[in-house]
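Data first, discussion second: the structure below is written as structure tokens.
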Amino acid sequence: MGTGVRPYVNFNAKHDAEILHKAMKGIGTDEDAILMLLTARSNDQRQQIKAAYKKAYGKDLVSALKSELGGLFESLIVALMTPSVLYDASQLHKALKGAGTEDEVLIEILASRTGEQIKEITKVYKKEFGGKLEKDICGDTSGHYQRLLVILLQVDRGTLYTAGEGKFGTDEEKFITILGNRSTEHLRKVFDAYKKLSGSDIEDSIKGETTGNLENLLLAVVKCARSIPNFFAESLYKSMRRAGTDDGTLMRVMVTRSEVDMLDIRASFKKMYGQSLYTTIQEDTAGDYQKALLYLCGGND
């Protein structure tokens, strides 16, 4: 799997903490020094820098950064400094806690994370926010959409709902039962069989039979089963090629995938849209925020 950000080889947390301290000392902040350093370290290394900074200067590094930076650049740097599972958990918490639910965040995270990651996210969510993720999701959603979200939260999906399989109600039920409880490999076979049987892709049937959040969630699950890099390439493209940039999505995807599959996402992006992710980010963003995103992206394809 190709990643973008890799652990820095000659890593020295204390030395990095010093560089950051210098960058924030005196008049004016050296944003370049901050972004070049932090985008060249893995999340794990950033946590070690945080600890070294606290030890050396008695201050919380994230608070120090916040007081020096602003706007989108600040949000991006804070996201980079957050342990990845906690970042996912807090994105979900924010999506559920505000006025109205940010469904695209729920859909993206629950459809794309592995069972192991979901387990960790649920644990951290409870520890940080004192509530159960499942309960909060149920309080904010309803119907078939809610049911599929809850199924996606169950880590051992294979055993779920097999008893009721012969008794389908609606097409929604059918889609939910198929998509909620299977391994990726199995799902791909199901999609092929579905196409042979019905003559159309399962995506087209979902679009024909469902609407709204349920449709979006079902499609996300199918796309992630087919190809996670393609799923994220499309999210990134949509986040930028609109009237306004959806910075929330752009930032979330660049931060969460930078150490996972950024090279694969870049390849998918180029193949799907005929231009590089790098150039698209360049055309769509500005300033230090843009520079940091470009470092996370890695190279121009």
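The values are calculated or read from the model by the stated rules, or taken from the named source; none is laboratory data. Note that the coordinates shown come from a computational prediction; the quantities given were computed from them, not determined experimentally. As a convention, Cβ positions derive from the backbone with ideal geometry for all residues, glycine included, and neighbour counts pool all protein chains shown. For the accessible areas, the whole protein counts, side chains as well, though only heavy atoms, and no ligand, DNA or RNA atoms are used. Shrake-Rupley method; radii C 1.70, N 1.55, O 1.52, S 1.80 Å.
Structure above, values below:
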read-out	value
Boolean, R226 is of a type outside the set (A, V, I, L, M, F, W, C), more than 18 Å from S276 (Cα to Cα) and open to solvent by 30 Å² or more (accessible area, probe 1.4 Å)	yes
Output for segment 1-49, where each listed residue is among the β-branched types (V, I, T) and either modelled with pLDDT of 95 or more or outside any loop (DSSP other than H, G, I, E, B) (or both)	I19, T29, I34, T39, I49
Extreme residue, surrounded by the fewest Cβ atoms within 10 Å (Cβ to Cβ), among residues of segment 284-301 that are assigned to a helix (DSSP H, G or I) and without any contact (Cβ under 8 Å) to a residue 40 or more places away in the chain	Q290
Of all residues in segment 57-66 being in contact (Cβ under 8 Å) with a residue 12 or more places away in the chain and open to solvent by 40 Å² or more (accessible area, probe 1.4 Å), the one that is farthest from K126 (Cα to Cα)	Y57
Near pairs, Cβ below 8 angstrom, 6+ apart or cross-chain, from segment 179-197 (open to solvent by 70 Å² or more (accessible area, probe 1.4 Å)) to any residue that is at pLDDT 90 or above	R188/A225; R188/R226; K195/D201; K195/I202
Residue tally, condition open to solvent by 60 Å² or more (accessible area, probe 1.4 Å) and either assigned by the TED database to the domain that holds Q117 or farther than 22 Å from Q91 by Cβ (or both), over segment 231-266	3
Single match in V78, V85 (criterion: in a helix (DSSP H, G or I), more than 16 Å from M251 (Cβ to Cβ) and either polar (S, T, N, Q) or open to solvent by less than 50 Å² (accessible area, probe 1.4 Å) (or both))	V85
